[in-house]
1. Of all residues in segment 161-190, how many are over 17 Å from Ser107 (Cβ atoms), in a helix (DSSP H, G or I) and open to solvent by less than 40 Å² (accessible area, probe 1.4 Å)?
2. Among the listed residues Ala14, Ala48, Ala52, Ala70, identify the single one that is free of Cβ contacts under 8 Å to residues at least 60 places away in the same chain, within 27 Å of Val181 (Cβ to Cβ) and open to solvent by less than 70 Å² (accessible area, probe 1.4 Å).
3. Output the residues belonging to segment 101-132 that are within 24 Å of Val88 (Cβ to Cβ), touching a Ser or Thr at 6+ places or on another chain (Cβ under 8 Å) and not acidic (Asp, Glu).
4. Anything in segment 94-106 that is open to solvent by 30 Å² or more (accessible area, probe 1.4 Å) and either in contact with a Gly (Cβ under 9 Å, 6 or more places away or on another chain) or among the hydroxyl-bearing types (Ser, Thr, Tyr) (or both)? List them, or say none.
5. Can you find a residue in segment 107-128 that is under 30 Å from Ala66 (Cα atoms), surrounded by 14 or more Cβ atoms within 10 Å (Cβ to Cβ) and either of a type in the set (Gly, Ala, Ser) or over 20 Å from the mean Cα position of the chain (by Cα) (or both)?
6. Look at Ala132 and say whether it is of a type outside the set (Val, Ile, Thr) and either in a helix (DSSP H, G or I) or surrounded by 14 or more Cβ atoms within 10 Å (Cβ to Cβ) (or both).
7. Please state which of the following conditions Asp148 fails to meet, knowing it meets all the rest: (1) modelled with pLDDT of 95 or more; (2) of a type in the set (Asp, Glu); (3) part of a loop (DSSP other than H, G, I, E, B).
Amino acid sequence: MPTAMNTDTLIATACALVARGKGLLAMDESTGTIGKRFDAHGIAQTEAMRRAWRELLIDTPGLGHAISGAILHDETIRQSTQAGKPFVGVLAEAGIVPGIKVDAGTSALALHDGETVTEGLDGLGQRLTEYAAMGARFAKWRAVLRIDAGGLPSSACIAANADALARYAALCQQAGLVPIVEPEVLADGDHTLQRCEAVTTEVLHQVF
C-alpha cells in the first residue's frame with residue numbers, strides 16, 4: 001500500500017495531469033514507429049535525429065500553457081538537449097509532468113484467435129523504480145480489445161487485460177508513479193454503435 005506521503009504525491013500529480021484547459025502530449029513512439037514517419041520525409045533514422053526531433057517538441061515556446069504531461073519512450077527519458085540538459089528537466093521547468101510508457105506492446109492471447117494481451121509485467125517494478133529516479137511521475141499502459149461479429153472480445157480476453165492493467169497500476173503506485181490505465185476498445189469494424197457501447201461498458205466494469 002502507498003504510504004500517506006506517497007498517496008499525497010500521487011494525488012497531486014494526478015490533479016496536475018488533469019488541469020483545466022490542458023492535455024497530455026504522447027511522444028512515446030517506438031523506434032520503429034518514428035522510423036516510418038521519418039522515412040516518409042526522407043529523414044535519417046538515427047538516435048541523433050530522433051533526439052533532435054524530440055528536443056524540437058519539448059522546447060516549443062509556451063508548451064506548458066497547453067500541455068500538462070508528456071508521455072516519453074524509454075529512449076526519450078534518457079535523452080538530453082544539445083546543450084546537455086535532460087529532457088525530463090526541461091519538461092519540469094515548463095510545468096509539464098514527465099511520464100513514461102511502460103507496456104511492451106501486445107502479443108497473441110493463447111487459444112483465442114484474433115485477440116491480444118499487453119505484455120511488459122516482467123521486471124516492471126524494477127523499471128518503474130528506475131524511471132521514478134529519472135524524474136518520471138506517471139506511467140501509461142495500453143490494452144487493446146477488438147470487436148467482431150463472432151463475439152469478440154471474449155470474457156477471457158477482457159479478464160486477462162483487466163488483470164494486467166490492475167497489476168501494472170498497483171506496481172506504479174508502489175513506485176510512486178500515477179498509473180494511466182488505458183483499456184482501448186477499438187471502434188473499427190462493422191458492428192453497431194450499441195454493440196460498441198455494450199462492450200466498452202463491460203470492459204470498463206471489469207477493469208475498474
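1. 3
2. Numbers: Ala14 fails: free of Cβ contacts under 8 Å to residues at least 60 places away in the same chain; Ala48 fails: within 27 Å of Val181 (Cβ to Cβ); Ala52 fails: within 27 Å of Val181 (Cβ to Cβ).
Matching residue, one of Ala14, Ala48, Ala52, Ala70: Ala70.
3. Matches in segment 101-132: Ala104, Gly105.
4. Result: Ala94, Gly95, Ala104, Thr106.
5. no
6. Values: of a type outside the set (Val, Ile, Thr): yes; either in a helix (DSSP H, G or I) or surrounded by 14 or more Cβ atoms within 10 Å (Cβ to Cβ) (or both): yes.
Here the answer is yes, as Ala132 does meet what is asked.
7. Asp148 satisfies every listed condition except (1).
Residue-wise test of (1) more than 27 Å from Lys85 (Cα to Cα); (2) modelled with pLDDT of 95 or more.
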residue: Thr7; (1), (2): yes, no
residue: Ala16; (1), (2): no, yes
residue: Gly21; (1), (2): yes, yes
residue: Leu25; (1), (2): no, yes
residue: Ile34; (1), (2): no, no
residue: Arg37; (1), (2): no, no
residue: Thr46; (1), (2): no, no
residue: Met49; (1), (2): no, no
residue: Leu63; (1), (2): no, yes
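The values are calculated or read from the model by the stated rules, or taken from the named source; none is laboratory data. All of these numbers come straight from a predicted model, not from anything done at the bench. Glycine also receives a Cβ, built like all others from the backbone with ideal geometry; neighbour counts cover every protein chain displayed. Note: accessible area is taken over every heavy atom of the protein model, side chains too, but ligands, DNA and RNA are not part of it. Shrake-Rupley method; radii C 1.70, N 1.55, O 1.52, S 1.80 Å.
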